[in-house]
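Here the structure is laid out as C-alpha cells; the discussion comes afterwards.
The values are calculated or read from the model by the stated rules, or taken from the named source; none is laboratory data. Keep in mind the model is a prediction, meaning the values are calculated, not measured. We place every Cβ from the backbone using ideal geometry, glycine too, and count neighbours over all the protein chains shown.
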Amino acid sequence: MTSFELLKETELIQRILEGETALYEILIRRYNPGLYKTGRSYNYNHEDTQDLMQDTFVDAYKSLEQFEGRSDFKTWLIRIMMNHCYRKRRKAAFKNEIAKDINDNSAPMFTGFDNDTGKMVQNNELGRVIEDALGRLPFDYRIVFSLREMNGLNVSETAGLLEITEANVKVRLNRAKTMLRNEIEKMYAPSEIFEFNLIYCDAIVHRVMEKIKLL
C-alpha cells in the first residue's frame, strides 16, 4: 500500500467512496496518533481510548459521503472523536471542571526541540509523570493544549471544535502552558506526550477494517 500513501486526502476519500475500501487503512494509520492524544486528554485509559478510536473510525467511514471538505479531514475526524469522548463522559457521570483565566501572554512553551515525532519516549516512568501532570489540569485547559500543541490544529480550528472564541483558545492555551512549563519544558516536545506507539497501530487498523467488512 506504500504507493498510495502519498495520495491527497480528497483523492483517497473519493477512491474509497468508489469502492476501494482497503485504502481506508491509510487514513486510519495517518490519524491514529491524533485520535489517541485526544482520547487521553479526556483522561481515558489506553484501552478505553482505543475503543473510542475504533468507534470514531467506523463512524467516519459510514459518514464519509457527508464529508464536504469545508474543514480538513483531520479536524472533521477529531470532532467525531470528541463527540464519542463527550458521550462517554456523560454516561460515566464525569464532572467537567470549569476554569477561567483573563491573562493572555502567549509564548512558545517548548524551545530548542527537534519536532521529530519518530523519537519515542524512552523513559516510561518519566512519561507517566508527564501524563499525570497533564491529566491534573482542568479539562478546559487540557483539551485546548491537546488540540493546539499535540494535534497541531490552529486557533480557528480549535475554537470551532470547542465552540469557544479564538480569544478563549489563546487564554486557555497560555494557562495550560503555565501549569505545565516547569515540569516538562526541558524534557519533551509536545508531540511525544501520550505518543501512540506504532506497535498499537496495526491492532487498531485490523479492528476497524474488520468492523467495516461487516457493514
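Identify all residues within segment 1-25 that are in a loop (DSSP other than H, G, I, E, B), free of Cβ contacts under 8 Å to residues at least 12 places away in the same chain and among the acidic types (Asp, Glu); write none if there are none. Outline the logic, then answer.
Here is the first cut: in segment 1-25, the ones in a loop (DSSP other than H, G, I, E, B) are 1, 5-8, 18-20.
Then keep just the ones that are free of Cβ contacts under 8 Å to residues at least 12 places away in the same chain; that gives 6, 8, 18-20.
Passing the criteria: Glu18, Glu20.
Looking only at residues in segment 130-151 that are surrounded by fewer than 19 Cβ atoms within 10 Å (Cβ to Cβ) and at pLDDT 90 or above, which one is farthest from Tyr86 (Cα to Cα)? Before the answer, list the steps.
The initial filter retains those residues of segment 130-151 that are surrounded by fewer than 19 Cβ atoms within 10 Å (Cβ to Cβ), namely 131-133, 135-136, 138-139.
Subset that is at pLDDT 90 or above: 138-139.
Values: Pro138: 15, Phe139: 11 Å.
Residue satisfying both the conditions and the ranking: Pro138.
Restrict the check to segment 161-175 and report whether at least one residue is farther than 16 Å from Leu35 by Cα, modelled with pLDDT of 90 or more, in a loop (DSSP other than H, G, I, E, B) and among the acidic types (Asp, Glu). Spell out how you get there, then give the answer.
Narrowing segment 161-175 to residues farther than 16 Å from Leu35 by Cα: 163-175.
Filter once more, so that each one left must be modelled with pLDDT of 90 or more: 163-175.
From the residues that got through so far, the ones that are in a loop (DSSP other than H, G, I, E, B) too are 163-165.
Still in the running and among the acidic types (Asp, Glu): 163.
Yes, there is a match, as at least one residue in segment 161-175 is farther than 16 Å from Leu35 by Cα, modelled with pLDDT of 90 or more, in a loop (DSSP other than H, G, I, E, B) and among the acidic types (Asp, Glu).
Would you tally the residues in segment 84-117 being modelled with pLDDT of 80 or more and surrounded by fewer than 15 Cβ atoms within 10 Å (Cβ to Cβ)? Step through it out loud before you land on a result.
Residues of segment 84-117 modelled with pLDDT of 80 or more: 84-90.
Filter once more, keeping what is surrounded by fewer than 15 Cβ atoms within 10 Å (Cβ to Cβ): 86-87, 90.
Qualifying residue count for the region: 3.
Can you find, within segment 41-59, the residue that is farthest from the chain's Cα centre (by Cα) among those that are surrounded by 24 or more Cβ atoms within 10 Å (Cβ to Cβ) and within 19 Å of Thr158 (Cα to Cα)?
That would be Thr56.
Mind checking which pairs have a first residue in segment 60-83 that is surrounded by fewer than 18 Cβ atoms within 10 Å (Cβ to Cβ) and a second that is outside any loop (DSSP other than H, G, I, E, B) and aromatic (Phe, Trp, Tyr), Cβ under 6 Å, 6 or more apart or different chains?
Phe67/Trp76
Just need a number here: residues in segment 26-45 that are out of contact with any Gly (no Cβ under 9 Å at 6 or more places or on another chain), in contact (Cβ under 8 Å) with a residue 24 or more places away in the chain and in a helix (DSSP H, G or I).
Residues that pass the stated criteria total 12.
Can you tell me which residues in segment 132-164 are small (Gly, Ala, Ser) and over 14 Å from the mean Cα position of the chain (by Cα)?
Ala133, Gly135, Ser156, Ala159, Gly160
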